[in-house]
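Report on the structure given below.
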Amino acid sequence: MENDKSKRNLISLPKIEDRRGNLSVIEKDIIPFEIKRVYYVYDIPSGSERGGHSHKNLQEFLVALSGSFEVVLNDGKEKQIITLNKPYEGLLINSGIWRELQNFSSGAVCLVVASDVYIEDDYIRDFDEFINSKKATDK
Ligand code: TYD
């Protein structure tokens, strides 16, 4: 369900419109962390799902550079589904949030801007472990 809470994490990017084609930019001050890594997911077969993990510390910012997809967010209490379909809007995902990416359109490209380099130890890939980690921090 898209609600106000999820919309607060949607950030509009500057869009410089031009008859030659539009231009958007992600830079310092637009997202609330220092950019350490950028990666992108593409050539996604129909019906594929990605994600299925949370991060202990990493923050990420996702943009549908092309096409569309849904991001299912779970903070351990509530589940939200956010559709990304604009190259001039991104979703901020804080640490401690389980995310799944699904329903990719044909030709979708997911850009991810991250607050750190790749560290496998920062991942929680087991959903029960994620729920237990949230219960432990709630105490
Ligand atoms: P993963 O983060 O699980 O992908 P997604 O969340 O999109 O499903 O990463 C998939 C694989 O790619 C995994 O084996 C780790 C590797 N990987 C890197 O080597 N470097 C990276 O920066 C990322 C994001 C993943």
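List of remarks:
- Structure note, pairs 79/134; 15/86; 56/79: Cα-Cα distances above 20 angstrom do not occur.
- Per residue, the solvent-accessible area of the stretch 4-138 (1.4 Å probe, heavy atoms of protein chains only, all protein chains present) comes to 59 Å².
- Mean residue ellipticity (222 nm) of the chain, computed from DSSP H runs ≥ 4 via -39,500 (n - 2.57), nearest 500: -3500 deg cm²/dmol
- With all protein chains in place and a 1.4 Å probe, the accessible surface of the chain carries 47 percent carbon and sulfur.
- Check: the chain dipole with +1 on Lys, Arg Cβ and -1 on Asp, Glu Cβ, in debye: 300 debye
- Once backbone amide H atoms are built at 1.01 Å from N, residue 13 has 89, 90 as its partners under 5 Å, excluding neighbours fewer than 5 places away on the same chain.
- Relative contact order [Cα under 8 Å, 6+ residues apart], the chain, whole percent: 33 percent
- Farthest positive-ward along the stretch 1-73 dipole, Cα basis, beta-carbon charges - from 31, 14, 51: 31
- Close amide H partners of residue 24, meaning residues 5 or more places away or on another chain with modelled amide H under 5 Å apart, are 16.
- Interchain or long-range residues, amide H under 5 Å from residue 55's placed H: 96, 97, 124
- Axis of helix 127-138 versus longest Cα principal axis of the chain: the two differ by about 80°, to the nearest ten degrees.
- Neighbour net charge for residue 12 - beta-carbon separation under 10 angstrom, K R +1, D E -1: +1
- Phi angles across the stretch 78-86 convert, under the Karplus curve 6.51 cos²θ - 1.76 cosθ + 1.60 with θ = phi - 60°, into 3J(HN,Hα) values of 10, 10, 10, 10, 10, 8, 10, 8, 10 Hz, Gly and Pro given as x.
- In sequence order, calculated HN-Hα J values of the stretch 67-72 (Karplus, 6.51, -1.76, 1.60; Hz; x Gly/Pro): x, 8, 6, 10, 10, 9
- Scaled radius of gyration (Cα, divided by 2.2 N^0.38 Å) that the stretch 4-138 gives: 1.06
The values are calculated or read from the model by the stated rules, or taken from the named source; none is laboratory data. What you are looking at is a predicted structure, and each value in this text was computed from that prediction instead of being measured. Counting neighbours? That spans all protein chains shown, and the Cβs are built from the backbone with ideal geometry, glycine included. Remember, those area values only see protein heavy atoms, side chains included, never the ligands or the DNA or RNA. Shrake-Rupley method; radii C 1.70, N 1.55, O 1.52, S 1.80 Å.
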